[in-house]
Each structure stands twice: as structure tokens, then as C-alpha cells.
Amino acid sequence: MDRIKIIGGSKLIGSIPISGAKNAALPLMIASLLSEGTLTLKNIPHLADITLLSRILGDLGANITIDGRGSQGVDDEISGVTMHINVPKISNFFAKYELVSKMRAGFWVIGPLLARTGRAKVSLPGGCAIGTRPVDLHLKALQELGADIKLEDGYVNAAAPNGLKGARIKFPKVSVGATHNILMASTLASGQTIIENAAKEPEVVDLVRCLRAMGANIEGEGTSVINIEGVTQLNSAEHTVLPDRIEAGTYAMAVAMTGGSLTLMNVNGKNLQYPLNIMKAMGVECLEHSNNLHITQSNNNLKPIDIETNPYPGFPTDLQAQIMAMMTQADGLSRIRETIFENRFMHVQELARLGADITLDGDMAIIKGVTKLQGAQVMATDLRASVSLVIAALAAKGETIVNRVYHLDRGFEDIEKKLSRCGAIIERLTD
């Protein structure tokens, strides 16, 4: 199993191109199931989750071809490959456990399968062990659209032989995944669907833009109420995946910990505004220019701060582990309240192995700033936790080995190349 070795203490200086967003690319790929035409997606990152979803779609009848390099070219200003997905016929309605159990987003095929064919059998999902993340919101909403839902042997059997029907759906809480799923399903439902308490994330907006290019009739993306008027078919389209705001935020926090100056290329700063404001309040210089973001940390005096995670436009839970690592270098006590996932503090004990002083109290973590972290053997527990250990190791004294980095490969494209290009001493160890 691969590991990553890091010798901490080097400042980060240089530039890093930001890849296409994994959290946008996955639902965009799934949207291809809604049309007999070809969906061309540009700026697709080379990640383990992308490969896995390609296998899931292939099992369902998708033909996938890729143009361009198979991994990030760190010298390129804009990264990614172009993927062409064509599903002329759904050849299989069964998304099996062996694949869906490894990645939660695989479950989202249920909506498009129902919308296009009236049938779906999909395994209950898996993914990172950061909480229960139940699919009840998805299933209840699909029932409101007219689907008959049965749970059998770990699978969801769904049927809508007469097609889905538009409905007014009000989510009891904000769910990005459920918003993606019901958005896609309702594009081919007859009549009007109104989604209330919809997720406002940029990745949801990106999906709507793609669906609209395919011929969907949707209004209200980026607000809490989205209106969809069903159409009889969707068509071929071309779409470019938006930049990964979580990757950009991660590298910004890395340079805040190590010192130095980074230019993050191909960034939409508006989508990262809340985290950038938090970093500025902690004493980090963040300047936006065109599609670039310049992050400079010239002193070691980070200020403590209190935050809580919230749905967009609040502070993203996917940056919680990273900013916790950053807070270990602040001068005083910082606090994080995690409101999205009930089990997303598993990285705390691993950060403690590096010398972090963190106390947990229910949904709150209290971080006492330390002067210096010390390298150690650590183990990744989920995708975002793994990268928090990497950026903490960059600021630690001595050698750190991060184990179980397959989590990292799910969401960060060529992280070793990008960081080493900017002065980090980092390498992958393959057994």
C-alpha cells in the first residue's frame, strides 16, 4: 500500500494549477445517463473516484473515451482531460455493491436511471467513514416524484413504469447529494418540480449549467428554491468542469502553515470567499487577480479564530480538517464547530501524533496553538483528513509518513508533483 513521506520545514514558493472539481465532475458524469447523445466534459481531473465512476457508468451501458493526458500536467495553466460519454441505451439497471460501496456518489445514478428508463436497482452507498449520511432524503423525494421504492438485501429497488411526475419537494435539511439526484431525475419528469431548501453549492450550479446546455429547463440555481420544468429528452452538450475550490483552499492553507508565497492558477475566488475571509482574519495575505489567487504568509503570527461549518456559502466541511491543521500554528485558542457530519473529527488523534494540542467536546474541537509540530507516522482516515495530515507534515520538523493514502488519491490530483514543484520535500513510497 502506498505511503507519502514528507520532510517538513520548507517554505512553499511558486505556482500550482488547480484541477477540475471532483465534487462537480462526478454528478456531471452521471448526468450523461439522461441522454442518448454524447456529453463532452472538459477539465476532468485524474482521480480514483473518476475511474471508479467510469466503471459504474460502463456497467450501465456508457461508452467513454478520453482525450488528453491521463494525469495532471503541472506545467499547464489549466489541468484536466476531456471525457466523452455516450449512453445510446441503458443496457443494465443494476449498480452493484462492489462499486457503489466504495464511493457515495455512485448512488446518484438512481435518479437518472429512473427518469430515463423507469427502473433502477442500486446498492446502498459507501465512501468515507465520516458519518451516517443516510439516503432517506433521496428516497423520499423520489417517492414524491412517483417512484415505488423497496429496500431489499442492501439494495434500493426503484420503479416508475409510468414515468416520474413533477412535485413540490422540500428537503428538511440541505443536502448536496440529494439536490444533485433530484435535479437530474426531475429534468425528464412530466410537469413542474420545485425543490425547496436546495443546496446552493457552486457544484450544484455547475450541474444545472450543464443540464441546461443539454436542453433542461431549470431556473433558480444558486438559491434555495430551484424550479424544473420537465422535458421529453435531453441532447448532446459540451461543458467545462469548474475549478476545485476545496483543492485551492487546501493549498492556500498549506502555504499559510509553512510560510512562503503561492499563486494558485485557475481559481474562482468568489466560490472560496468565506474561507478566504477566515484566512485573512488569521493574518494571511490573499489577493485575487483574474483567475489567479495569490497567497502569501511572510510571518509566523497566525491569529486564532472560531468557526463553524455550514452549507454554502458558509465554511465548507470539506476544509474543516485542513483549517484545523492551520489552527495548530495560531497564537492562542481556536474553535471549530462541525455541524454537517457527526463523525468528522477522526483526524484529531492523528494530528495529535504530530504534536497538536486539540480537545474534543461533542461537535466542537478546541485547538491550542503550538510553536512546532514534530514528524511522525500517521494514518489517513478519510479524504480530507488525509490531506490535513499532509499539510501539517509540511510544517512539522523532521520526517512524517502518511499511511493509507488511497484516500488522498480519491480527491487530489498529483499532490506530490504540485507541492514538490513549489519546494516541498515530498515523495510517494510504493511497497
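Observations on the structure shown:
- Dipole magnitude of the chain about its Cα centre (Cβ charges: Lys, Arg +1; Asp, Glu -1), debye to nearest 20: 220
- Extension gain (nm, one decimal) between Met346 and Asn292, 0.36 nm per residue minus Cα-Cα: 16.2 nm
- For the cross-link pairs Lys102/Lys417; Lys270/Lys372; Lys200/Lys417; Lys173/Lys417; Lys42/Lys150, the ones whose C-alpha atoms lie over 30 Å apart are Lys270/Lys372; Lys200/Lys417; Lys173/Lys417; Lys42/Lys150.
- Estimated FRET transfer efficiency when R0 is 56 angstrom, pair Glu238-Asn300 (beta carbons, to 0.05): 0.75
- The alpha carbons of the chain give a radius of gyration and a Dmax of 21.4, 65 Å, in that order.
- Backbone amide hydrogens, once placed in the peptide plane, bring Ala167 within less than 5 Å of Thr193, Ile194, excluding anything fewer than 5 places away on its chain.
- Shape class for region 22-240: rounded, because the ratio a/c of the largest to smallest gyration tensor axis (alpha-carbon atoms, square roots of eigenvalues) is under 1.5.
- Relative contact order of the chain, taken over Cα pairs closer than 8 Å and 6 or more residues apart, is 21 percent.
- Euclidean distance between Cα centres, region 4-42 to region 352-394, Å: 25
- Length-normalised contact order of region 1-122 in % [C-alpha pairs under 8 Å, at least 6 apart]: 29
- Cβ-based exposure ranking for Asp357, Asp49, in which fewest neighbours within 10 Å come first: Asp357, Asp49
- Between region 136-174 and region 245-261, the C-alpha centres lie 40 angstrom from each other.
- Calculated mean residue ellipticity, 222 nm, the chain: -8500 deg cm²/dmol, from DSSP H runs (n ≥ 4) at -39500 (n - 2.57) each, averaged per residue and rounded to 500.
- Computed about the Cα centre, the dipole magnitude for region 22-240 is approximately 520 debye when only Lys and Arg (+1) and Asp and Glu (-1) carry charge, each at its Cβ.
Laboratory data are not the source of any read-out in this text; all were calculated from the coordinates shown. As the structure is a prediction and not an experimental result, all values here were calculated from the model. Heads up, the Cβs are rebuilt from the backbone with ideal geometry, glycines too, and the neighbour counts pull from every protein chain shown.
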